[in-house]
Amino acid sequence: MIAFNETYPGITILSVENKAASADISLYGGHVLSYKPAGKDEVLFMSPKSVFEPGKPIRGGIPVCFPWFGPNPSVPTEPPHGFARTSQWTLVSVSEKKKETTIIIELASSEATRARWPFDFTLTLEIRVGKTLDMTLTTSNPGKDPIVVTTALHTYYAISDIARVSVLGLNGLKYIDRVGPATVKDQTGPVSISAETDRVYLGAEDVTIRDEGSGRKVLISRTGNPDTVVWNCWEEKSKTIGDIGEGVYRSYVCVEAGSVLDNKITIAPDTSVSQSMTIKAK
Ligand code: TA6
């Protein structure tokens with residue numbers, strides 16, 4: 001079953017439901033807002049204070065960071081995380097099976113994107129909603145010169161309480177600590193969060209979010225995404241982020257699959273690069 005609703009002015013949401021799961025996908029931002037495996041709780045966090053207004057990013061779900069992650073490397077006045085999350089995407093196709101729905105959406109370069117980033121591209125996002133949530137982001141370069149991007153699927157997970165959550169699978173890795181001046185550190189053991197946390201783990205493979213409050217484990221696997229970003233803004237900073245709001249920081253953790261900072265992706269003319277992520281809630 002699928003349904004389209006312009007839930008907020010300028011924001012069309014595609015709701016899908018099959019025997020294995022349901023999900024909401026906003027064409028504005030190319031943004032997965034909700035993913036709920038049948039009989040289980042919502043996997044994604046959506047801020048109760050999120051603004052749903054074209055031009056503003058949605059706070060929660062799975063924002064797509066493209067064509068740059070974090071601040072723009074050459075134009076500091078450009079908003080962080082690129083423009084894909086604040087652009088209108090188009091629907092390419094929907095195909096339905098009993099236990100799986102596949103949605104393909106696309107963002108292509110236009111006058112508006114070239115004004116901000118002077119390259120031609122087509123960005124395709126395939127979203128498979130079933131027992132797992134599978135997402136494949138493909139960047140194609142139809143132009144004459146190579147293009148260089150950084151990207152992330154900036155996933156916000158719903159959790160019982162940040163104090164009861166740990167992220168497994170990062171032990172022994174180096175990470176860039178981005179709270180304050182960036183420094184490289186070594187991870188020992190699981191990641192637990194008790195202060196502002198903004199880290200890029202290098203070379204992670206599968207990662208698990210273990211939530212002792214809810215008893216849930218969420219497994220995240222990926223290809224073509226060498227970095228794992230772990231982010232929670234914590235109390236002080238949450239007061240300065242209007243669409244998060246006080247106290248709410250305890251209810252989310254971002255664990256993002258991406259190719260960010262120095263892991264730039266170069267796409268030669270007439271070629272494409274795919275990156276994928278799979279989420280499985282147990
Ligand atoms: O992925 C972590 C991060 O880059 C943080 O530095 C943090 O500020 C966050 O993303 C949220 O960014 P946003 O632009 O959505 O407020």
| message | Are there any trypsin sites (Lys or Arg not before Pro) in the stretch 68-102 that are in a DSSP loop and have at most 11 other Cβ atoms within 10 Å? List them by number. | response | Lys98
| said: Taking every pair of distinct Cα atoms and averaging 1/r, then inverting, what Kirkwood hydrodynamic radius in Å comes out for the stretch 1-102? | reply: 14.6
| said: Taking every alpha carbon pair in the stretch 141-217, what does the distance histogram look like in 5 angstrom bins from 0, in percent? | reply: 3, 12, 19, 22, 18, 9, 6, 5, 4, 2, 0
| Value of relative contact order over the chain, rounded to a whole percent, pairs C-alpha under 8 Å and six or more apart | 18
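Normalised by the residues of the stretch 210-257, what does the relative contact order come to in percent, with Cα pairs under 8 Å and at least six apart? Numbers along the way, then the final one.
On the way: 41 pairs, mean separation 18.8, N = 48.
Contact order relative to length: 39 percent.
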| query | Using alpha-carbon positions, what is the distance between the centroids of the stretch 84-138 and the stretch 1-69, in Å? | reply | 13
| Hey, what's the per residue convex hull volume over the C-alpha atoms of the stretch 146-282, in cubic angstrom? | 116
| task | Can you give me the P(r) profile for the chain? Cα pairs, bins 5 angstrom wide beginning at 0, each as a whole percent. | result | 1, 6, 13, 17, 20, 18, 14, 8, 3, 1, 0
| query | What is the stretch 47-122 by shape, rounded, prolate or oblate, if you read a ≥ b ≥ c off the alpha carbon gyration tensor as root eigenvalues and call it rounded for a/c under 1.5, prolate for a/b larger than b/c, and oblate otherwise? | reply | oblate
| Just in the stretch 15-81: which trypsin sites (Lys or Arg not before Pro) are loop by DSSP and have at most 16 other Cβ atoms within 10 Å? | Lys19, Lys40, Lys49
| note | the stretch 211-282 and the stretch 157-175 have their Cα centres apart by a whole-number Å value of 11
| One-quarter of the Cα convex hull surface for the stretch 69-162, in nm²? | 8.4
| Normalised by the residues of the stretch 1-98, what does the relative contact order come to in percent, with Cα pairs under 8 Å and at least six apart? | 23
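Every number here is computed from the coordinates shown, using simple stated rules; none is lab data. Keep in mind that what you see is a predicted model, and the values were worked out from it rather than measured. Here the Cβ is made from the backbone with ideal geometry for all residues, glycine too, and neighbour counts use every protein chain on show.
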